[in-house]
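Q: Handing you a structure now.
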Amino acid sequence: IIAIGEDSKRLICDRIPFVENKIIVLPNATRPVIGSREPSVRGRVRISFLGEVGSRKGVPQLIDALGKFAHRDDWMATIAGNGNLDESRAHTRLLGIDDRVDFPGWLNSGAANDLLRRTDIFVLPSFAENMPMAILEAFAHGLAVIATPVGAIPNVIVHEKNGMLVPAGDVTALAAALERMLDSPELRLKLGEAARRDYVEHYEIHGYINRLAAIWRRAARS
């Protein structure tokens, strides 16, 4: 039985404990990225989100956190995905940041790749996840990532080593993490480089295929 993270492994063991010794944790993987990073526009730090635009993914909390930087003109944000777009746009207008937050809707893989190439900080403040592919794609691009410790995310992100973790629903903590990254290009670079190294070692599809094939061979021999 292949689980994508320790959280999934525990879930299986809770329901069918006699299979514990048959479970192998193998995280998701993605294809290598296409193209190289693009320089920021007018020196603004670019913040991006990819996923369902709604409460499960923490989008209201993300907008509230961005609202705390309404007085700053050194950032811009893109919140991409299907969902509560009209409600979210109204939320940004209420906070006075609608001129700096774009809602392009759902993006296909090529457009999502282009967005990540133009991103400096990737944020996914979810309340519930398994193993988000968007985080692995952000790692592949060498981005500084802010996420929440839900699902298999803590198996991938080590706080302040290759990203930052904040409690789900905590707008103050999310805003503080964003502020640190906005104020420190060095921190963004350090976290992004570590994320990229981890991606190449653990989450790139070619290495994944080799590990998966080895699991199949061992299972067949037994």
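Q: Check segment 70-87 and report whether any residue there is in contact with a His (Cβ under 6 Å, 6 or more places away or on another chain), in a loop (DSSP other than H, G, I, E, B) and either touching a residue at least 12 places away in the same chain (Cβ under 8 Å) or not hydroxyl-bearing (S, T, Y) (or both).
A: no
Q: Right, here's the next one. Within segment 85-96, can one find any residue that is at pLDDT below 95 and out of contact with any helix residue (DSSP H, G or I) (no Cβ under 7 Å at 6 or more places or on another chain)?
A: Within segment 85-96, not a single residue is at pLDDT below 95 and out of contact with any helix residue (DSSP H, G or I) (no Cβ under 7 Å at 6 or more places or on another chain).
Q: Got at least one residue in segment 75-95 being touching a Lys or Arg at 6+ places or on another chain (Cβ under 6 Å) and either buried (at least 17 other Cβ atoms within 10 Å of the Cβ) or farther than 23 Å from A195 by Cα (or both)?
A: Yes, the conditions are met somewhere in segment 75-95.
Conditions (1) more than 25 Å from S8 (Cβ to Cβ); (2) over 13 Å from the mean Cα position of the chain (by Cα); (3) among the basic types (K, R); (4) assigned to a helix (DSSP H, G or I), marked per residue:
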{"position": "F103", "(1), (2), (3), (4)": "yes, yes, no, no"}
{"position": "L107", "(1), (2), (3), (4)": "yes, yes, no, no"}
{"position": "E129", "(1), (2), (3), (4)": "no, no, no, no"}
{"position": "L136", "(1), (2), (3), (4)": "no, no, no, yes"}
{"position": "M164", "(1), (2), (3), (4)": "no, no, no, no"}
{"position": "M181", "(1), (2), (3), (4)": "yes, yes, no, yes"}
{"position": "L189", "(1), (2), (3), (4)": "yes, yes, no, yes"}
{"position": "G207", "(1), (2), (3), (4)": "no, yes, no, yes"}
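Q: Right, next: Of everything in segment 143-184 that's modelled with pLDDT under 95 and of a type outside the set (A, V, I, L, M), which residue is surrounded by the fewest Cβ atoms within 10 Å (Cβ to Cβ)?
A: Residue satisfying both the conditions and the ranking: P154.
Q: Another question, if that's okay. Quickly run through segment 96-131 and pick out the residues that are open to solvent by 50 Å² or more (accessible area, probe 1.4 Å), touching a Gly at 6+ places or on another chain (Cβ under 7 Å) and more than 22 Å from Y199 (Cβ to Cβ).
A: W106, F127, listed by residue number.
The values are calculated or read from the model by the stated rules, or taken from the named source; none is laboratory data. Quick caveat, the model's predicted, so the values are computed rather than measured. Note that we place each Cβ from the backbone using ideal geometry, even for glycine, and neighbour counts take in every protein chain shown. When the accessible area is computed, the model is the full protein with side chains, heavy atoms only, and any ligands, DNA or RNA have been set aside. Shrake-Rupley method; radii C 1.70, N 1.55, O 1.52, S 1.80 Å.
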